[in-house]
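Structure record follows, encoded as structure tokens.
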Amino acid sequence: MRKKLKKLLNNNLAIFGLILCVILTLACIFAPLLTKYGANTVEVNEILLAPSKEHIMGTDQLGRDVFARLLYGGRISIAVGVISAIFGALIGTILGSISGYFSGKIDEFFVKLSELFQIFPSIILILLISSIIGQGVKNIIFIFSITGWMTTFRMVRNEFLSLKQENYVQVSKAIGMSNLRIIFKHILPNAMSPVI
């Protein structure tokens with residue numbers, strides 16, 4: 001861990017990127033403090049203004065402040081990205097745990113399902129699903145969640161395939177513990193490092 005942190009700190013480009021990401025994220029979170037305009041505040045007298053002190057990035061064709069729209073839009077983008085990543089990781093973790101622990105036909109089914117999702121380019125799959133279920137933030141989060149679980153699934157599955165051979169798992173089976181308890185209480189905590 002220290003080696004990786006030292007390597008990161010020695011990489012000026014990575015540090016610059018990290019600082020930029022933190023600044024942009026904080027700017028989006030604290031948008032009401034950075035601009036007095038709302039994202040959809042229309043000013044009919046201020047259509048297509050050039051950047052100025054009043055409007056840092058100017059205004060659009062409806063008189064809305066571009067800087068305010070950028071910050072408030074960033075909030076939605078960050079929320080969609082974070083929530084989708086969490087749900088995608090959750091789906092991948094659950095399916096990977098079940099697949100890796102039970103093996104056999106269950107494993108085969110989930111592996112084929114993940115391969116089926118990976119056959120299509122993700123953008124085509126996202127456009128296809130969004131045309132079926134419609135647009136909106138909740139639908140976008142749902143789409144990204146169900147199309148972003150495959151990497152986590154494979155990592156967790158691989159961890160389970162090796163960890164289920166450990167002695168503590170065999171002992172848990174021998175004393176009559178349920179499969180769900182073995183999966184989620186004993187093996188999964190040991191398989192979480194790649195997910196994190």
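Every number in this text was worked out from the coordinates using simple rules, so none of it is lab data. Bear in mind that the values here come from a model prediction, so they are computed numbers and not experimental data. We place every Cβ from the backbone using ideal geometry, glycine too, and count neighbours over all the protein chains shown.
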Over region 37-136, what is the relative contact order in percent, taking alpha-carbon pairs closer than 8 angstrom and at least six residues apart?
15 percent
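Normalising by the residue count of the chain, find the relative contact order in percent from Cα pairs under 8 Å and 6+ residues apart. Present the calculation step by step, with values, prior to reporting the outcome.
Numbers: 203 pairs, mean separation 35.2, N = 196.
Relative contact order for the chain comes out at 18 percent.
Arrange the peptides 76-89, 116-129 so that the one whose residues have, on average, the most other Cβ atoms within 10 Å appears first.
Put in order of decreasing packing, that is 76-89, 116-129.
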Treat region 1-116 as a sphere of radius equal to its Kirkwood radius over Cα pairs and apply Stokes-Einstein at 20 °C in a medium of 1.002 mPa s; give the translational diffusion coefficient in µm²/s, rounded to a whole number.
117 µm²/s
Over the residues of the chain, compute the C-alpha Rg and express it relative to 2.2 N^0.38 Å.
1.43
Could you sort the peptides 135-141, 3-9 by per-residue average Cβ neighbour count (10 Å cutoff), highest mean leading?
135-141, 3-9
Just in region 107-196: which GluC sites (Glu not before Pro) are loop by DSSP and have at most 10 other Cβ atoms within 10 Å?
none
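Send over the semi-axes of region 96-138's equivalent ellipsoid, whole angstrom and largest first, taken as the square roots of 5 times the C-alpha gyration tensor eigenvalues.
Computed over region 96-138, the values are 28, 12, 7 Å.
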Taking every pair of alpha-carbon atoms in region 51-130, what share in percent sits in each 10 Å bin, from 0 to the bin with the longest distance?
15, 26, 23, 16, 11, 7, 1
To the nearest 10 degrees, how steeply does helix 150-163 sit against the main Cα axis of the chain, on a 0 to 90 scale?
30 degrees
